[in-house]
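Student: Starting off with a structure, shown below.
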Amino acid sequence: MSRFFIVLLVGLLLKISMSYGGVTAAERLGEAIQFRTVSYQDRSRINLKEFQRLHTFLRASFPLVFSQLEVETINDYSLLIRWPGSDPDLDPILFTAHMDVVPIEPGTEEDWEYPPFAGVVADGRIYGRGSLDNKQGVLGNLEAAESLLAEGFAPARTLVFAFGHDEEISGKQGAKKLAERMREKGWHFAWMVDEGGMVISDYPLLPDIPAAIINVAEKGYLTLTLVATGEGGHSSRPPELSTIGRLSAALERIERNPFPTRMVGPVAAMLETMAAHVEQPTRFFFDNLWLTSWVVAGIMSEDPMTNSFVRTTTALTMFNAGVKENVVPQRAEAKVNFRLLPGDTPDEVVSYVTGLVNDPEIEISYDQWDKTPGISDYSSGGFTVISEAISAVYPGAVIVPSLLVATTDTRHYIDVSDNQYRFHGMLVSVGQAASVHGNNEYLGVQSYENAIEIARQMMILGTR
Ligand SMILES: [Zn+2]
């Protein structure tokens, strides 16, 4: 059969599967957006009924998934779905996404083309909070599974889907509980694929070629609390050094002494992959990182956009002291948030910062963050499957392994999965990606349909 006919056939099948019941995949995503599954830092503000309503909607929308596969609700609001494979000797694979979304910043509703929870499908786009982050991940995986079930597809390898409900506020009630359940059941995955990577249409170094970013590692997360205590009292008789002055001086030392730059494996792999597509002399630098990595890291550290790729970053985020203008406070407190490069440990950060502060009157404490995922294999296994799935839909795309500079639910699954990848197959522009957690979040209808096809391909190719 000619390539043309294969493409036509796949397109036709896809059309049929995407509009069953007279409703298209895009319209179903639009409907899912209407459930206000909003995560608030203050958990008492969360409307948990919306999650149950979303579950009811999913059950009605994906009847084959919810009748033929093993479905379990975890901790009332998260979903665990298992599609048993025919060969129990093959390690299963795991597809994850999250059902919660971030709130709309008060006063910004007017900046949206369509109301954020209306789920409007118009102008070839699906508008609304969660269209990118991350209801397309939940619905896209379900669309893929539903259509494969309709076609009678039977995987050799077991597939598991895990959809958390509080990723945006740590994942402790969702992904963490889902992973606990997996451990109880003794499940262990060859690899998993979560949110956190996508196909970028105008990636800065590759503006003319779609770049499929598969994140094979992510940065660690650590917040230190610094407290200065000392003599307070009336401001008419101030101490020589106040708690505010002492703490400010320490913070200034921390900010002025960033961690050294370093080129980690996934970032080097990203640059090496792009080398073939960029002009000289950049190509030479990317091709010869054994020689040039320190220069390249230095250049990257000068732009806040790329700085996070080459160092453990330091961000002063909170400062609290004082209750009244004429009282010198006895206590000043600050928080500093660090994002750690793979390989840097919280202990190393604490000892580096303690050295910089060098003041026994300042107490440094921290809550240990969960384990940070390691660097996953980016030459074989799941990485190859995801790459082939992308190439099936975007034949010209450059597949780029990279480092995610944010955190996801992925870290909760590290001890149940040998490798962790972060990639959902939607095609977006850099500007559009910036709408995640911001205004006017939307996903192209075609881009969504392609993402579903990539998810289908991952399931077909991954379960061989
Ligand atoms: Zn997300």
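Student: Using only the Cα atoms of the stretch 168-283, build the gyration tensor, take square roots of its eigenvalues as a ≥ b ≥ c, and label the shape rounded, prolate or oblate: rounded if a/c is under 1.5, else prolate if a/b is larger than b/c, else oblate.
Tutor: Here the stretch 168-283 falls in the oblate category.
Student: Projecting each Cα onto the charge dipole of the chain (Lys/Arg +1, Asp/Glu -1 at the beta carbon, about the Cα centre), which of F62, V445, A217 comes out farthest on the positive side?
Tutor: Working it through, the farthest residue towards the positive pole turns out to be F62.
Student: Now for a different question. Sort the following peptides by mean Cβ neighbour count (other Cβ atoms within 10 Å, averaged over residues), highest first: 265-275, 161-171, 311-321. Could the numbers behind the result be given before it?
Tutor: Working: 265-275: 19.5, 161-171: 25.3, 311-321: 15.8.
The densest-packed peptide leads the list: 161-171, 265-275, 311-321.
Student: Filter the chymotrypsin sites (Phe, Trp or Tyr not before Pro) in the stretch 345-375 to those in DSSP coil with at most 16 other Cβ atoms within 10 Å of their Cβ, and list the result.
Tutor: Of the chymotrypsin sites (Phe, Trp or Tyr not before Pro), the ones in loops of the stretch 345-375 whose Cβ has at most 16 other Cβ atoms within 10 Å are W369.
Student: Another question about this same structure. Can you find, among V193, G265, P342, the residue farthest towards the positive end of the dipole of the chain? Put +1 on the C-beta of Lys and Arg, -1 on that of Asp and Glu.
Tutor: Final value for the positive-end residue is V193.
Student: Okay, moving on. When the dipole is taken about the Cα centre of the chain, and only Lys, Arg (+1) and Asp, Glu (-1) are charged at their Cβ, what size is it in debye, to the nearest 20?
Tutor: 500 debye
Student: About the Cα centre of the stretch 218-366, how large is the charge dipole given +1 on each Lys and Arg Cβ and -1 on each Asp and Glu Cβ? Please answer in debye to the nearest 20.
Tutor: It works out to roughly 200 debye.
Student: Could you work out how far apart the two model spin labels at N75 and L316 are, taking each label as a point 7 Å from the Cα in the direction of the beta carbon, and quote it in nm?
Tutor: The answer from the label model is 3.5 nm.
Student: Further, regarding this structure: Let's test the formula: R0 of 25 Å, r as the Cβ-Cβ distance of E151 and R53. What FRET efficiency results, to the nearest 0.05?
Tutor: That pair, E151 with R53, gives E of 0.25.
Student: What ranking do 417-423, 129-135 get when scored by the average of other Cβ atoms within 10 Å per residue, highest first?
Tutor: Details: 417-423: 25.0, 129-135: 28.1.
Answer by packing, highest mean first, reads 129-135, 417-423.
Student: Which entries of K49/K185; K49/K172; K172/K335; K49/K219; K49/K177; K49/K371 show an alpha-carbon separation above 26 angstrom in the structure shown? List each step's numbers first, then the result.
Tutor: Details: K49/K185 28 Å; K49/K172 19 Å; K172/K335 21 Å; K49/K219 33 Å; K49/K177 19 Å; K49/K371 31 Å.
Over 26 Å Cα-Cα: K49/K185; K49/K219; K49/K371.
Student: Using the per-residue mean of other Cβ atoms lying within 10 Å as a proxy for protection, in what order, highest first, do the peptides 447-454, 42-49 fall?
Tutor: 447-454, 42-49
Student: Please compute the Cα-Cα pair-distance distribution of the chain with 20 Å bins starting at 0, giving whole percents from short to long.
Tutor: Going from the shortest bin to the longest, the percentages are 23, 52, 22, 3, 0.
Student: Hey, how many Å between the Cα centroid of the stretch 243-319 and the Cα centroid of the stretch 147-220?
Tutor: First find each Cα centre; the distance between them is then 27 Å.
Student: Taking the Cα centre of the stretch 177-219 as origin, work out the dipole magnitude from +1 charges on Lys and Arg Cβ and -1 charges on Asp and Glu Cβ, in debye rounded to 20.
Tutor: Roughly 360 debye for the stretch 177-219.
Student: By how many nm would the segment from A406 to D89 grow when fully extended, if each residue of separation counts as 0.36 nm and the alpha-carbon distance is taken off?
Tutor: 110.6 nm
Student: How are the alpha carbon pair distances in the stretch 218-366 distributed across 10 Å bins from zero to the largest one, expressed in percent?
Tutor: The calculated distribution, bin by bin, is 11, 33, 24, 17, 10, 5, 1.
All of the numbers you see were taken from the coordinates with simple rules; none came from a lab. Predicted model only: the values in this text are computed from it and were never measured. Methodologically, a virtual Cβ is constructed for each residue, glycine included, from the backbone with ideal geometry; neighbour enumeration extends over all protein chains shown.
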